[in-house]
Amino acid sequence: MKLMTAFMPVSEASYKTVQERLKCQTLEALLFEEIIPVTKNGKYYSFHGQNVQGETVLYTCEAVEKWSFGRVKVKPYSIQREGDTNVSIYTFLEEVVQQTLDGQHTRTFVQELLETFVKDSQAKSSQPPSIPAEDLHYEALESHMIDGHPYHPSYKSRVGFTLADNHLYGPEFNQDIALTWLAVRRHFVDIAVLEPTAINEMYQHHLQPEELAHFTQQLRAQIDEDEQAYVFLPVHPWQFEHIIATVFYPQIADKTIIILGKSESSYRAQQSIRSLSNRHSAQASYLKLPLSITNTSTSRILAHHTTQNAPIISAWLNRIIKSDEYLKNCQFEILKETIGVSFRYQKLSVMQYAVAYGTLGVIHRENIAQYLQEDEQAWPLNALMHKQKNGEAFIQQAIAFYGVEKWSRALIETLVTPIVHLLYVHGIALESHAQNIILVLKNNFPHRIIIKDLHDGVRFCSSELLHPEWEPKLNPEPATHRQFNRYSFLKTAKVSEVRDYTFDAFFFICMTELCFTLEEFGLREEDFWRTCTEVILAYQQQHPQYKDRFQTFDLFAADALIEEMTKRRIYGDQTLYFRKAQNPLLQALEFLKNEEK
Ligand SMILES: Nc1ncnc2c1ncn2[C@@H]1O[C@H](COP(=O)(O)OP(=O)(O)O)[C@@H](O)[C@H]1O
Ligand SMILES: [Mg+2]
């Protein structure tokens, strides 16, 4: 038998690069969240690990505490174990994490880091030296966004995927993916739609006419009743093989679920892995599918209530955007989630419910094509942080052409104004980290943004909505969901939690990473945050009628809270882990005030 090694390019250089990133990123999170104690002597940090004999081991590194939220940055290749720089990821994790941290999930956390190590090495080994010119469009760029979460240490864990799976389905490998289509008895699914015609349109885009006819024929041959009693549903091929075929065995046997076969259309994985774009139909909706793997921070299932809330939330946000002159002027858009389908799990026995929950459904998201003008380009926002394998930053040419000052100011204005407007005026926070923002440019110059991933990424407080009469009636989450995902809630009674949602996803992660990137082009951290603050103050001056709201959702507060993502991974969801951090917007504001004096 031929050994299947095509999926396993192994490059020592790549694994060394990834090993270094993983050690630094893990250490940065452990230090920032104060999970391990450290002694600082200027830029020289020392901390302790414990070897398998239980003896204390001295570790040192060079690090800086950044102006931005006091985020810690460890100098690559500076970590030493008892004076030796040659410390492997295994020894490091053994001694600094596994032996040292007494968390309920320490072992799982280490496992996620090791999975990340291998999967990212695999991806890096097959990364092209630079992004080819024909790939400079949104769909292809999504596959080139290989770096994953910039803060989370387990940024590419994909627990459940083998390396062969990773090669077949990981976005970096850009393979053709054929979906498995099922017919599910209508009585066993819940469907929420934005427009009544949405379902027919989706069939047109995702199934060729002959394919639709063929599937229908196949369905008819297997059932006694009318085919209208069934709904067609796409499933990710990994999900079908590893979960659906087993978990829904009784439903397949009694024809609640009929297996139709693989699609003719092939799909491309976007950077979130489980959202796919259709390669044959440029207008077709993106499909967000459940994948029962754990990636980065959580299991990537699609909870029933989020599929049903998807069109409701999109309709609500769209109404707000279309009624708002300011957002219209910014040409701010969202990719609406037009259809949400989920299996009706409550029809299952308690035991089957537990294993089936969230595993079978789909959310259709609008394609970006319809929102782009001829003269516009779209980039996933994290393309801005992307360094190609040849070492050249993706934004190198844009910045060389316009200059870092001019380009970054335009970028900050483009990003910050619609997001603070939504917060201040409408009382709505979005989970705007870089993976959920699309930057639209004209001639490589920032022009406007489009936001996606809304069904579970919105937070608001009813009493603070500008239009409380438009508040959507959301499907509540089941109590069991709340138990294992205590951080995912849309409605809150505390305004500070709305502000913190914007603060965390947007300022703490997204803007800070942009700041670090632009620093490499010579823009000082202080100047980056000063521009952010100037943009917010200018916005406030232009909108004096909302003065009170600037206090309600105070972005210059000293007590804004940031989620401690790593603690959560190590110690579990029983306690909520948040911390205060020095607010760079506040620091910049004080700086500006002192200057005025
Ligand atoms: N900067 C980032 N911030 C957060 N998640 C990121 C980032 N970059 C990549 N990701 C990945 O994106 C995924 C989250 O997206 P998800 O909600 O699953 O899908 P979608 O955005 O397509 O709706 C995670 O798997 C995470 O690892
Ligand atoms: Mg997302």
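Just so you know, all these numbers are worked out from the coordinates, no wet-lab data involved. Quick caveat, the model's predicted, so the values are computed rather than measured. Here the Cβ positions follow ideal geometry from the backbone for every residue, glycine too, while neighbour counts run over all protein chains shown.
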16 Å reach of a label modelled at Ala245, 7 Å along Cα-to-Cβ, counting backbone N of the range 288-309:
292
Contact order relative to length of the chain, as percent, for alpha carbon pairs under 8 angstrom and 6 or more apart:
14 percent
Output needed: percent of Cα pairs per 5 Å distance bin for the range 345-427, bins running from 0 to the one holding the longest distance.
3, 9, 11, 13, 14, 12, 9, 8, 8, 6, 4, 2, 0
Here the membrane-span-like helices of the chain, with no claim about any membrane, defined by DSSP H, Cα axial extent at least 27 Å and mean Kyte-Doolittle at least -1.0, are 12-32, 106-125, 304-322
Only helical DSSP H runs with n ≥ 4 go in: add -39500 (n - 2.57) per run for the chain, normalise by residue count and round the 222 nm mean residue ellipticity to 500 deg cm²/dmol.
-10500 deg cm²/dmol
Cα pairs beyond 28 Å in the range 39-188, in percent, come to 40 percent
If you wrap a convex hull around the C-alpha atoms of the range 295-406 and split its volume per residue, what is the figure in Å³?
174 Å³
Exposure-ranked with fewest Cβ neighbours within 10 Å first, Trp529, Trp470, Trp181 stand as Trp470, Trp181, Trp529
Scattering from the C-alpha atoms of the range 176-275 alone, worked out with Debye: what is log10 I(q)/I(0) at q = 0.10, 0.16 1/Å?
-0.28, -0.74
Semi-axes of the equivalent ellipsoid for the range 134-182, Cα gyration tensor, largest first, Å
20, 19, 9
How long is the gain from Glu392 to Glu227 if the chain were fully straight, where each residue apart is worth 0.36 nm and the alpha carbon distance is subtracted?
53.9 nm
Label-zone membership for the range 210-240, site Ile259, 7 angstrom Cα→C-beta point, backbone N under 16 Å:
218-219, 222, 233-240
Taking neighbour Cβ counts within 10 Å as the exposure measure, how do Ser314, Ser154, Ser14 sort from fewest upward?
Ser14, Ser314, Ser154
How many angstrom lie between the Cα centre of the range 78-129 and the Cα centre of the range 315-387?
34 Å
Rg [Å, one decimal], Dmax [Å, integer] - the range 287-329, C-alpha atoms
15.0, 42
Square roots of 5 times each gyration tensor eigenvalue, C-alpha, the range 380-480, largest first, Å
34, 17, 9
Can you spot the aspartates and glutamates whose alpha carbon is less than 16 Å from Lys336's alpha carbon? Ignore those fewer than 8 places along the same chain.
Glu195, Glu201, Glu366, Glu431, Asp453, Asp456
How many nm separate the modelled label positions at Glu325 and Gln208, each set 7 Å beyond the Cα in the direction of the Cβ?
5.1 nm
Reciprocal of mean inverse Cα separation for the range 1-98 (Kirkwood radius, Å)
14.7 Å
Can you compute the equivalent ellipsoid semi-axes for the range 374-596, i.e. the square root of 5 times each eigenvalue of the Cα gyration tensor, sorted largest first and rounded to whole Å?
29, 21, 19
Checking the range 487-571 for trypsin sites (Lys or Arg not before Pro) in a loop per DSSP with at most 10 other beta-carbon atoms within 10 Å yields Lys494
Of Ile191, Ile509, His386, which is farthest on the positive side of the dipole of the chain, counting Cα position, with +1 on Lys and Arg Cβ, -1 on Asp and Glu Cβ, and the Cα centre as origin?
Ile191
Restricting to Cα pairs under 8 Å and 6 or more apart, the percent relative contact order of the range 424-470 works out to 46 percent
Checked against a 28 Å limit on the C-alpha separation, the offending pairs among Lys23/Lys593; Lys547/Lys593; Lys73/Lys156; Lys262/Lys389; Lys347/Lys567; Lys156/Lys387 are Lys23/Lys593; Lys262/Lys389; Lys347/Lys567
Hey, which aspartates and glutamates would be in cross-link range of Lys597, C-alpha to C-alpha under 17 Å, not counting anything within fewer than 8 residues on its own chain?
Glu534
Order by neighbour count: Glu413, Glu596, fewest other Cβ atoms within 10 Å first, most last.
Glu596, Glu413
Please give the length that would be gained between Gln217 and Leu537 if that part of the chain were fully extended, namely 0.36 nm times their separation in residues minus their C-alpha to C-alpha distance (nm, one decimal).
108.9 nm
Please express the Cα-Cα pair-distance distribution P(r) of the chain as a list of whole percents, one per 10 Å bin, running from 0 to the bin with the greatest distance.
3, 16, 26, 28, 18, 7, 2, 0, 0
